[in-house]
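Here the structure is laid out as structure tokens; the discussion comes afterwards.
The values are calculated or read from the model by the stated rules, or taken from the named source; none is laboratory data. All values derive from a computational prediction rather than experimental measurement. Note that each Cβ is placed from the backbone with ideal geometry, even for glycine, and that neighbours are counted across all protein chains shown. Only protein heavy atoms, including side chains, enter the accessible area calculation; ligands, DNA and RNA are left aside. Shrake-Rupley method; radii C 1.70, N 1.55, O 1.52, S 1.80 Å.
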Amino acid sequence: MINEKKYSLDHIRFLRKERNETIFVYVLRFSLLALLLLVWEILAVNNVIDPFITSYPSKIFTTVIELFKHNDLLMHIGVTLYETFLGFIISVVAGFIIALIMWLSVRCRRVLEPYVVVLNSLPKIALGPIIIVWFGSGNKAIIAMAVLISVIVCIMTMLGGFLSTDKDKILLLKSFGANKWQIMTKLVIPSNLPTFVNMLKIALGMAWIGSIMGEYLVSKAGLGYLIVYGSQVFKLDLVMASTVVLLVLSALMYAFITLFEKLAITYKTDSN
Amino acid sequence: MNKLLEIKSVSHVYHTKENETIAVDDLSFDVFKGEFISVIGPSGCGKTTVLSLIAGLLPPSRGEILISNTPVKAGSDKLGYMLQKDQLFPWRTIEKNVFIPLEIKKKLTDDAKNYGLNLLDKYGLTSFRKSYPYELSGGMRQRVALIRTLVAKPELLLLDEPFSALDYQTRLSVCDDVYKIITEQNVTAVLVTHDISEAISVSDRIIVLSKRPSKVKHIFELDYGKTTPLKRRETSNFSKWFELLYKEITND
Ligand SMILES: Nc1ncnc2c1ncn2[C@@H]1O[C@H](COP(=O)(O)OP(=O)(O)OP(=O)(O)O)[C@@H](O)[C@H]1O
Ligand SMILES: [Mg+2]
């Protein structure tokens, strides 16, 4: 049933076509990037656009190298990563636990629901000044910002998943005499692994927003700080370079989650 | 014969904010040890409700239900419940799915596991032990679902339209398989269905329910003994039984 490695010629042709198409898409993708960078570079170097305002790729590249050598870029990266990662972890753990509690107790859910909804619609950045007053002007305020921004979405995503657990599967477990705890550990949590991965992706994006925004408001280090500082002293090279580093970091973290998804979800669900 | 299940003037009312629905009204019947009973009735008449009541998943509003002279309660070891869809957990392998009831009942001993594995072996599923549900056909999955129900050694099996999610051909053969497994394992079974021919092909007795609220309208005693479903469908009585039941269900 599974051992059907002897494909027909047609199928091999089909597979080859699929693979060629994928390769072609990759080539196009990178060509597009290269083209954009090249156009940017040429326009800026020839002063068609103002290189002072737009900077340009090779300058950004040398700025990144410079930053590494002289300006503790690694330290700034470390600070931002630390804040983002901590904010992310706290939101994920807290969001997961709060959603579980709200699933376990219907009464608790009914009590908390309006709070969650209102907090969700509130633009969290408005709480920035309060957070600075409460947490001071250091790392803590920035982490708090990251948590504040992502935790509500974590709760809502997870709770939505928990609540849409297949009713018949719950019935099945109940027929074996399962208690609420067993239904939670045997069914509700494992069946929501895909929801969990989704939540990780959303939370990561939110945590980045929180930490960078936090750094815009208060900070003495970090990539957000470099970006704000760069724009204040009108060093657009610095702004661009920090943004590029940020881009690479967030892509890397996202890739980690995708990898986790591949490793964790090895089964296929079907519509049954 | 001794009574395994007694349903004594049971009523059930569903309460929602908008309405109250009398699903079952003053229902009584007995099931004897070793019997295969089918309950049929028009759709929405309260068949699933009756099974949930027997399984102890719903408390009756009135009346009582006894299994071996003790009131039913959810998760009783005497009971097994099989639903319309197989409800296998896609993230668990076949054998891990079979072990679920044992885990819930905290009886995951080597003996119990071996019993489950032997059942898989006996019914031709050993090679799929480590497979995931999506790798199996609908019929195989339904057999796994039955083995999962049997692994905790219930005396009474409740089946809620267990074949209705399968296509016609598969339904006939899976029904035949399931019937053989159930009779071989010596369990008493209550099958709920709205498929008249399915009921005739497996039952010793057929209980016809009225429209909602469901009451017993008529009880038919079939005389097929332990003839298997596919064989029964070939007999000449089959269409007579069908006509008889069809009339009973459709006339009010
Ligand atoms: N949880 C519930 N709350 C309120 N009413 C319900 C509930 N479950 C079932 N009912 C109602 O009770 C009646 C009987 O439902 P039940 O599911 O037992 O019928 P059924 O014979 O199994 O139907 P079907 O043939 O569709 O499977 C229906 O009118 C249904 O709308
Ligand atoms: Mg039903």
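Here are some notes:
- Residue by residue along A:179-187, Cβ atoms of other protein chains within 10 Å of the local Cβ number 2 on average.
- For segment A:1-76, the spread of Cα positions along each principal axis, largest first, Å: 62, 36, 13
- Across segment A:48-56, coupling constants 3J(HN,Hα) worked out from phi with the 6.51/-1.76/1.60 Karplus curve, θ = phi - 60°, read 5, 10, 6, x, 5, 8, 8, 6, 7 Hz, and Gly and Pro carry x.
- Debye, to nearest 20: dipole size of segment B:135-174, +1 on Lys, Arg Cβ, -1 on Asp, Glu Cβ: 140 debye
- Total accessible area lost when A and B pair, probe 1.4 Å, Å² to nearest 100: 2500 Å²
- Amide H contacts of residue B:24: B:12, B:214, each under 5 Å away and 5 or more positions distant or on a separate chain (H built 1.01 Å from N in the peptide plane; Pro and chain starts excluded).
- Heavy-atom surface of chain A, accessible at 1.4 Å and reported per residue (Å²): 60 Å²
- Among A:247, A:74, A:15, the largest mean-square fluctuation in a Gaussian network model of chain A (Cα springs under 10 Å) belongs to A:15.
- Gyration tensor (Cα) of segment A:99-169, equivalent ellipsoid semi-axes in angstrom: 30, 12, 10
- Residue B:33-residue B:251 pseudo-label distance in nm [points 7 Å out on the Cα-to-Cβ vector]: 3.9 nm
- Averaged over peptide B:144-152, the number of partner chain Cβ atoms lying within 10 Å of each residue's Cβ comes to 1.
- Residues of chain B: accessible area per residue with a 1.4 Å probe, Å²: 44 Å²
- Of B:189, B:55, B:74, the residue with the greatest mean-square motion in the GNM of chain B, using alpha carbon springs below 10 Å, is B:74.
- Range in chain A, longest, excluding exposed trypsin sites (Lys or Arg not before Pro) [loop by DSSP; at most 12 other beta-carbon atoms within 10 Å]: A:7-219
- Comparing mean-square fluctuations of A:234, A:30, A:162 from a GNM of chain A with C-alpha springs under 10 Å, the top value falls on A:30.
- Carbon and sulfur %, accessible surface of segment B:145-252 computed with the full protein complex present, 1.4 Å: 50 percent
- Over segment B:75-221, volume per residue of the alpha carbon convex hull, in Å³: 121 Å³
- P(r) tail, segment B:137-207: Cα-Cα pairs separated by more than 20 Å, 22% of all pairs.
- Gain on full stretching of the segment that runs from residue A:117 to residue A:268 - 0.36 nm per residue minus C-alpha separation: 51.1 nm
- Within chain B, longest stretch clear of exposed trypsin sites (Lys or Arg not before Pro) (DSSP loop, no more than 15 other Cβ within 10 Å): B:131-210
- On Cα atoms only, tilt of B:237-250 relative to the major axis of chain B in degrees: 60 degrees
- Rounded to the nearest whole Hz, the Karplus-based 3J(HN,Hα) values (6.51 cos²θ - 1.76 cosθ + 1.60, θ = phi - 60°) of segment A:95-100 follow the sequence x, 4, 5, 4, 4, 4, with x at glycine and proline.
- Residues whose amide H falls under 5 Å from that of residue B:82, counting only those 5 or more places apart or on a different chain, are B:158, B:159, B:160, with hydrogens built in the peptide plane.
- The distance separating the Cα centre of segment A:203-272 from that of segment A:60-108 comes to 8 Å.
- Mean Cα-pair separation over length for chain B, i.e. relative contact order, pairs under 8 Å, 6 or more apart, %: 26 percent
- If the segment from residue B:118 to residue B:230 were pulled out straight at 0.36 nm per residue, it would be longer than the present Cα-Cα gap by 37.8 nm.
- Part-to-part distance (alpha-carbon centres) for segment B:50-103 and segment A:135-170, which is given in Å: 35 Å
- Shielding by partners - mean other protein chain Cβ count within 10 Å, residues of B:86-94: 5
- Calculated over the protein assembly as shown, the projected area of the Cα convex hull averaged across directions stands at 34.8 nm².
- Computed per residue of chain B from DSSP H runs no shorter than four, each worth -39500 (n - 2.57), the mean residue ellipticity at 222 nm is -10000 deg cm²/dmol.
- Once backbone amide H atoms are built at 1.01 Å from N, residue B:4 has B:31, B:32, B:33 as its partners under 5 Å, excluding neighbours fewer than 5 places away on the same chain.
- Ranked order, A:53, B:65 - accessible area, probe 1.4 Å, largest first: A:53, B:65
- Expressed in Å, the radius of gyration and Dmax of the Cα atoms of segment B:1-138 are 18.2, 51.
- Mean separation of Cα contacts under 8 Å, 6 or more apart, over the residue count of chain A: relative contact order %: 24 percent
- Based on Cα contacts under 8 Å between residues 6+ apart, segment B:58-193 shows a relative contact order of 33 percent.
- Residues in segment A:78-85 carry Karplus couplings, in order, of x, 4, 5, 4, 4, 5, 5, 5 Hz; the curve used is 6.51 cos²θ - 1.76 cosθ + 1.60 with θ = phi - 60°, and Gly or Pro positions show x.
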